[in-house]
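Below is one structure, written out as structure tokens; comments come after it.
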Amino acid sequence: MKKVLLVEDYENWIRLIKTQLSEKVEVITAETIQKAYKLFKANPDIKLVIMDACVPGSTPNTMNLIEDIIKDGFTNPIIAMSCTPRHIATLILSGATHSVENKAQVACKVEELLNLK
């Protein structure tokens, strides 16, 4: 089963995304930037990263995490996830490869990118 790293601090979104994807991929979750990086380093078989822009809070702060993941050689998809287009643009500039403006669409985007349909 393919492994996906979800970086999100809001429990309801974590639960929804994990439920939508649970039968198709293994979802590991991080509610902080530090935990996300530790999980990324500990799981070299991650096939895709789903990145909320603001973890935690409401100000974009995951740009350096994206840059660090890419510096470590990650070439798989990174989905920027935010309801704020300006936040998505910031993550794309930092190296995210795809985006969704509605977090409820994340599962469909993951299925598409990992050819799970």
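The values are calculated or read from the model by the stated rules, or taken from the named source; none is laboratory data. Everything numeric in this text was worked out from a predicted model, so none of it was measured. Here the Cβ is made from the backbone with ideal geometry for all residues, glycine too, and neighbour counts use every protein chain on show.
Observations on the model:
- Figure legend. Inter-residue proximity from region 48-62: first residues closer than 14 Å to I78 by Cβ, second residues of a type in the set (G, A, S) and in a loop (DSSP other than H, G, I, E, B), beta-carbon distance below 7 Å, spacing 6+ or different chains. Indicated pairs: M51/A96; D52/S82; A53/S82; T62/A53.
- Residues (more than 19 Å from D68 (Cα to Cα), assigned to a loop (DSSP other than H, G, I, E, B) and at pLDDT 95 or above) located in region 24-57: K24
- Hits in region 62-91 - residues which are part of a helix (DSSP H, G or I) and out of contact with any Ser or Thr (no Cβ under 6 Å at 6 or more places or on another chain): N64, L65, D68, I69, I70, K71, P85, R86, H87, A89, T90, L91
- Filter result for L113 (out of contact with any Asp or Glu (no Cβ under 9 Å at 6 or more places or on another chain) and either of a type outside the set (D, E, K, R) or more than 16 Å from K2 (Cα to Cα) (or both)): yes
- Filtered residue count, region 84-114, keeping only those that are surrounded by 17 or more Cβ atoms within 10 Å (Cβ to Cβ) and free of Cβ contacts under 8 Å to residues at least 12 places away in the same chain: 0
- The residue that is surrounded by the fewest Cβ atoms within 10 Å (Cβ to Cβ), among those in region 54-83 that are in contact with a Cys (Cβ under 9 Å, 6 or more places away or on another chain) and within 20 Å of V4 (Cβ to Cβ), is S82.
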